[in-house]
Structures are given as structure tokens and as C-alpha cells.
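The values are calculated or read from the model by the stated rules, or taken from the named source; none is laboratory data. Since the model is a prediction, treat every value here as computed from it, not as a measurement. Because the Cβ atoms are built from the backbone with ideal geometry, glycine has one as well, and the counts that use them run over all protein chains shown. What goes into the accessible areas is simple: the full protein's heavy atoms, side chains included, and nothing from ligands, DNA or RNA. Shrake-Rupley method; radii C 1.70, N 1.55, O 1.52, S 1.80 Å.
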Amino acid sequence: PAICAIRVLAAMARSAQVAPVAAAAVALLGATAFLNSAPRVQAPVAPPASGRVLGAHPELLAEEPVFAEEAAAPADGAWSWAASVLSFGAALGLACGILAAEPAKAITAEQFSQLTYAQVKGSGLANRCPTVEASGSEVPVKPGSRLVNVCFEPKSFAVEFETDKGKEFATTKLTTRQTYTLAFIEGALEPNPITFREQDGMDFAATTVKLPDGEYVPFLFTVKELVATGEGSSFKPGFTWGGEFNVPSYRTGGFLDPKARGMYLGYDQAVALPALQADGKGGQEELFKETNKVFDLGKGAIEMEVNKVNQELGEIGGVFVSKQPSDTDMGAKAPRTILLKG
């Protein structure tokens, strides 16, 4: 009986070594193992027993194949289960890589107006400005007109920073999701010269970009109260116009910083009184800016050029370049200059 137990343990140890080998083989075969049935593992054969140990019990040699066949059964099951799971995962990953969704392509305003909310949701179209199909030579502007459904979609974001050679703009990485486009802007439009006054719409979007050194720069992309002018009485390809706009604070008065300080909420200060009364005013200016929260208002400028017109529908399309300040953390730090193109 002791000899039988030794042989059973040896057979079980050999079967335990077969399962990892089978799993590794499935990982290498990939989707082929998923399509074809798993190959049968050859049952491990025990080496011939020594005559010194089993010489007195020759009938035990006839029972050895029984243990080998029982040990082979778990190996076959492990191979089949592992092959199905791993090869299915490989096939699914390959399909996802091939069938990955491309960025949404811009459509016309007429096509966009025919879509339902369910069709737009999750498609990426809500962050795209409509495109204009060129037709005709110009779009005349009459007194008392209104410019509606104005959209600004940035394509590049650059931030100004100081270098040894002076100020330069660094290309950044956008970290905000697809919510940074301004849309449905409207306002009064007058001719001679063409003057547009922004009055309403989704005219601001909180946006954050990342510099090459890892610093995050938040800013409020906006064209609030824009007054854009251009010579002439009609829009045509090549027409240029532009103007200035206001840039509100990135955060409002209800915002609390990590020390629970705010403009009209939270603590007035979060530092010890002796620190505020230190002689020499060392660091007092920084402490004052951190504590005294303000709602900063900045100024921005934008230049636009028309490159497409649809005379029949009264639509215009083109490109823009905008420059505006970044967030100041409610007066605690100096703003950076943001350059946007779209």
C-alpha cells in the first residue's frame, strides 16, 4: 500500500505539470486554438519500476496504466478550458483593434438638425462644428440682421512660457474631454462695416491642457461679449474680421481652495496670525494673494477669415486664431497666454 501511494503522488505531480504547459501552448496558438479542437495530451507513462522495490509484487505493474489514464483526464480538461477562454480573449482583442471607432466627421447644419438626441449622444458630433458646402460667391448682410448658430471648434492649443531666448509658445496636450467647443452663439449683425455683437449662446467652455513638462494649465475658452468688425457689406471667401472679447474668471466666488478659502464662502484665512505679522513682509504678498480671492476679468482677441459661403442657405465657414489669458487661481498667480487655432 505504501508503494501504491508513492506511485499515485508521482502521477498527480506529473499531471500538475501538464496544465501550465498546455496553457502556454494555447497562448501561442491564439485564435487557431479557438477554431480547432484542442489536441489530446498524451498520457504520461511511468518509468519501469525497479526489481528491488516491486520484485515481490509484480501485480502492481499492471495497475500503473490505470493511474496514468486518470492523471491524463484533468490535463485534457485544463487544456480545453484554457484554450476556449484565452483564444476568445485574443480574438476579441483583435476585433476591437480592427473595428475601433474613428473620430466623428463634421456634417452640415441641415444634416445635424435632422438627428435625434439618441443619435447624437456618444457619437462625438456634439463637439464638432457643422461644415459648410460652398455654393455661390457671397452672402450679403442687410441692416437689422442676426448671426445665429455660430460655432468655434479649436484644433490646436499653445501656451506661452519664458525661455532663455524670450517668450515662446509650446504645443500642449488637450486633457479635457469632448466638451470644449463653443456653439449656438448668436448676436446682432450690421453692415458697412460688418459688425457682429455676441449676445447669447454656449459661449464659454472650461478647458485644461498639459505642457510638455507635465504642468497643467486650465483656462476658460470663451468669446463673451465679442465685438467683431470687418470692412464691407457681405461675406465672401477671403473676408477677414475680428475684435476683442471678455474672459471671465475660470472659477466663481463659490469655489473653495484646498484650505477651504473662497471669495464669499469658506475661511477668510488659513495661516497663523504670527505668520501674517512677520517683519520684513517676507512672503506676505504671496500669502495675501492666496487668501484674498478675486474674480478676475481678462481680455482676449480673435481674428477670423471666411473661406466658404453658401449663398442659398446664408451660411459662412472659415478659420480663426484666438489669444486669451489662462486661469489665475482667483488672483493667486499670473495668467499665461493661450493661443488657439481652429
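In table form, for the structure just shown:
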read-out: Selection count, the range 107-132, where residues are within 13 Å of GLY314 (Cβ to Cβ) and open to solvent by 50 Å² or more (accessible area, probe 1.4 Å); value: 1
read-out: Selection status of PHE184, surrounded by 15 or more Cβ atoms within 10 Å (Cβ to Cβ) and either touching an Asp or Glu at 6+ places or on another chain (Cβ under 7 Å) or of a type outside the set (D, E, K, R) (or both); value: no
read-out: Members of the range 248-292 that are farther than 30 Å from VAL223 by Cβ, exposed (fewer than 13 other Cβ atoms within 10 Å of the Cβ), among the small types (Gly, Ala, Ser) and modelled with pLDDT of 70 or more; value: ALA260
read-out: Qualifying positions in the range 133-146 - open to solvent by less than 40 Å² (accessible area, probe 1.4 Å) and more than 17 Å from ASN307 (Cβ to Cβ); value: VAL141, SER145
read-out: Only listed residue being at pLDDT below 90 and assigned to a helix (DSSP H, G or I), chosen from PHE161, PHE112; value: PHE112
read-out: Criterion (open to solvent by less than 60 Å² (accessible area, probe 1.4 Å), more than 27 Å from ALA104 (Cα to Cα) and of a type in the set (Phe, Trp, Tyr)) met by exactly one of PHE161, PHE196; value: PHE196
read-out: Residues satisfying the stated conditions in the range 304-342, i.e. among the acidic types (Asp, Glu) and surrounded by 15 or more Cβ atoms within 10 Å (Cβ to Cβ); value: GLU305, GLU315, ASP327, ASP329
read-out: Count - residues of the range 199-223 that are closer than 19 Å to SER249 by Cα and open to solvent by less than 60 Å² (accessible area, probe 1.4 Å); value: 14
read-out: Residue that is farthest from SER137 (Cα to Cα) [pool: residues in the range 293-303 that are open to solvent by less than 70 Å² (accessible area, probe 1.4 Å) and either assigned to a helix (DSSP H, G or I) or of a type in the set (A, V, I, L, M) (or both)]; value: VAL294
read-out: Which numbered condition ASP327 fails, given (1) among the acidic types (Asp, Glu); (2) free of Cβ contacts under 8 Å to residues at least 60 places away in the same chain; (3) closer than 14 Å to THR252 by Cα; value: (2)
read-out: Some residue of the range 142-152 being out of contact with any strand residue (DSSP E or B) (no Cβ under 7 Å at 6 or more places or on another chain) and either outside any loop (DSSP other than H, G, I, E, B) or modelled with pLDDT of 95 or more (or both); value: no
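Here is a yes/no grid of residues against (1) touching a residue at least 60 places away in the same chain (Cβ under 8 Å); (2) farther than 19 Å from LEU340 by Cβ; (3) in contact with a Ser or Thr (Cβ under 7 Å, 6 or more places away or on another chain); (4) of a type in the set (S, T, N, Q):
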{"site": "VAL141", "(1), (2), (3), (4)": "yes, yes, yes, no"}
{"site": "GLU153", "(1), (2), (3), (4)": "yes, no, yes, no"}
{"site": "VAL159", "(1), (2), (3), (4)": "yes, no, yes, no"}
{"site": "ASP164", "(1), (2), (3), (4)": "no, yes, no, no"}
{"site": "ARG177", "(1), (2), (3), (4)": "no, no, no, no"}
{"site": "THR181", "(1), (2), (3), (4)": "no, no, no, yes"}
{"site": "ALA188", "(1), (2), (3), (4)": "no, yes, no, no"}
